[in-house]
Amino acid sequence: MELSSSYIRVELDGDVAIATLARPEKRNALNEDFVRQLQDLFGEIPRTGLKALVLAADGDHFCAGLDLVEHWEKDRSAAEFTRICQGWHDAFTKMEYGGVPVIAALKGATVGGGLELASAAHVRVADQTTYFALPEGQRGIFTGGGATVRVSGLVGRARMVDMMLTGRVYHGQEAVDVGLCQYLVEGSSLDKALELAQKAASNPPLSNQAITAGLAHIQSMPALEAYYAEAFIAGVVNTQEESRERLRAFAEKTAHKVKPGQ
Ligand code: 1HE
C-alpha cells in the first residue's frame with residue numbers, strides 16, 4: 001500500500017498515519033497535482049484500516065493556499081477554475097466524511113486555501129507561530145475550497161466576512177477563542193496532534209466513523225431528519241460488540257472514570 005506521493009509523505013506510527021505536506025519551498029501552496037494527490041490519499045485512507053491521521057507540514061508554514069503563480073500563469077477560464085474548485089471540494093470532502101479522524105498540526109501561515117484544508121480536519125492544533133487569514137479579498141479572488149461552509153461554520157459568517165474584507169489575521173489565544181483551532185500549544189503542534197490522534201485511535205472505528213462523518217452529515221439535516229439519523233446511528237454504534245466490552249468494564253468498575261485533568 002503506497003500512500004505517499006510527490007507532494008505528500010505518509011509515514012505510519014502503529015495504526016496512526018502522519019501525512020506531511022512536502023512542498024515547503026513554495027510554503028505548501030496547492031497546485032493542481034497537489035490537490036489531485038490529496039484526493040487520492042483521502043480516497044484511499046478509509047480502505048486502509050488506519051485508525052487516525054495527523055496532517056502535518058514540512059517547513060515553517062502549514063499551507064499558503066492556492067498556488068497563485070500557477071493560477072496566474074495558466075490564466076484559467078471560469079469553467080476551468082470551477083473544475084479546479086470541484087477537485088478541492090472532492091479532496092476535502094473525502095477527508096471530512098471518510099470516517100477516519102484527521103488531526104491537523106498547524107504552524108505558520110494557515111491561510112486562504114490552507115485554512116480551507118485545515119478546516120476540513122476534525123481537530124486543529126496550533127503552535128505559537130500559527131496564524132489564520134483569508135487573504136482572498138486582497139488577492140482579488142474568492143474562496144473556492146469550501147471555506148464558505150467550513151470556515152463560516154467554525155467562526156460564524158460575520159467573522160469570516162471581516163477576515164475576507166479586511167485581511168484580518170488571527171493567532172494565539174484569540175484564534176482558539178473564535179473557533180479556528182481547538183488547541184494552542186507552547187511546543188510542537190505535531191507532538192500534540194499525534195497524542196490526540198493516538199487517543200482517537202483507541203476508540204472503536206465505528207464510533208469514530210459516527211463522530212466524524214455521521215456528525216458532519218447530520219449537521220446539514222433539518223431537525224426531525226437529524227434526530228432520526230442520530231437515533232439510527234446510535235442504534236448501530238451503541239450496540240456494537242466493542243461497546244459491550246467497554247460497558248461491561250464500567251459495570252464491573254474496571255473502566256476509567258471521567259475526571260478533570262485527563
Ligand atoms: C507561493 C505561494 C502561493 C508562497 N502560491 N507560490 N495565499 C496567499 O495569499 C498567501 C501567499 N503567500 C504569502 O503570503 C507568503 O508566501 C507566506 C506568508 C505564506 C510565506 O512568506 P515567506 O516570506 O516565508 O515566503 P515567500 O518568500 O513569500 O515565498 C517563498 C516561495 O513560495 C516563493 O517562491 P520562489 O519561487 O520565489 O521561491 C513564493 O512565490 C512561493 N509561494 N505562497 C504560489 N500561495 C481554491 S481558492 C483558494 C484561494 C486562496 O487560497 S487565496 C490565498 C492565497
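One table, with the values for the structure above:
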| quantity | calculated |
| --- | --- |
| The lone exception for Gln128 - which of (1) open to solvent by less than 20 Å² (accessible area, probe 1.4 Å); (2) not in a helix (DSSP H, G or I) it fails | (1) |
| Residue tally, condition in contact with a Gly (Cβ under 8 Å, 6 or more places away or on another chain) and in a loop (DSSP other than H, G, I, E, B), over the range 103-125 | 3 |
| Residue count for the range 137-181, restricted to those that are more than 12 Å from the ligand (Cβ to nearest atom), open to solvent by 20 Å² or more (accessible area, probe 1.4 Å) and outside any helix (DSSP H, G or I) | 4 |
| Test: Leu134 is touching a residue at least 60 places away in the same chain (Cβ under 8 Å) and in contact with a strand residue (DSSP E or B) (Cβ under 9 Å, 6 or more places away or on another chain) | no |
| Pair list, Cβ < 7 Å and 6+ apart or interchain, from the range 215-228 residues that are not assigned by TED's automatic domain parsing to the domain that holds Tyr97 to residues that are surrounded by 15 or more Cβ atoms within 10 Å (Cβ to Cβ) and hydroxyl-bearing (Ser, Thr, Tyr) | Ala216/Tyr97 |
| Sole residue being in the same structural domain as Glu186 (by TED's automatic domain parsing), under 23 Å from Ala175 (Cβ atoms), open to solvent by less than 20 Å² (accessible area, probe 1.4 Å) and within 14 Å of the ligand (Cβ to nearest atom), chosen from Ala105, Ala57 | Ala57 |
| So Val100, is it outside any strand (DSSP E or B), within 19 Å of Val125 (Cβ to Cβ), aliphatic (A, V, I, L, M) and in contact with a helix residue (DSSP H, G or I) (Cβ under 7 Å, 6 or more places away or on another chain) | yes |
| Cross-chain or 6+ apart pairs with Cβ under 9 Å, the range 1-18 first and free of Cβ contacts under 8 Å to residues at least 12 places away in the same chain, then among the polar types (S, T, N, Q) and open to solvent by less than 50 Å² (accessible area, probe 1.4 Å) | Glu11/Ser4; Glu11/Thr20 |
| The range 69-95, subset in contact (Cβ under 8 Å) with a residue 40 or more places away in the chain and aromatic (Phe, Trp, Tyr), residue most open to solvent (accessible area, probe 1.4 Å) | Phe81 |
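For every residue, the table says whether it meets (1) at pLDDT 95 or above; (2) open to solvent by 40 Å² or more (accessible area, probe 1.4 Å); (3) within 10 Å of the ligand (Cβ to nearest atom).
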| position | (1), (2), (3) |
| --- | --- |
| Ala22 | yes, no, no |
| Glu32 | yes, no, no |
| Gly49 | yes, yes, no |
| Asp67 | yes, no, yes |
| Tyr97 | yes, yes, no |
| Gly113 | yes, no, yes |
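The values are calculated or read from the model by the stated rules, or taken from the named source; none is laboratory data. Note that the structure is predicted; figures quoted are calculated from it, not measured. Using ideal geometry, Cβ is built from the backbone for each residue, glycine included, and neighbour counts are taken over all protein chains shown. Accessible surface is based on the protein model in full, side chains and every heavy atom, while ligands, DNA and RNA are left aside. Shrake-Rupley method; radii C 1.70, N 1.55, O 1.52, S 1.80 Å.
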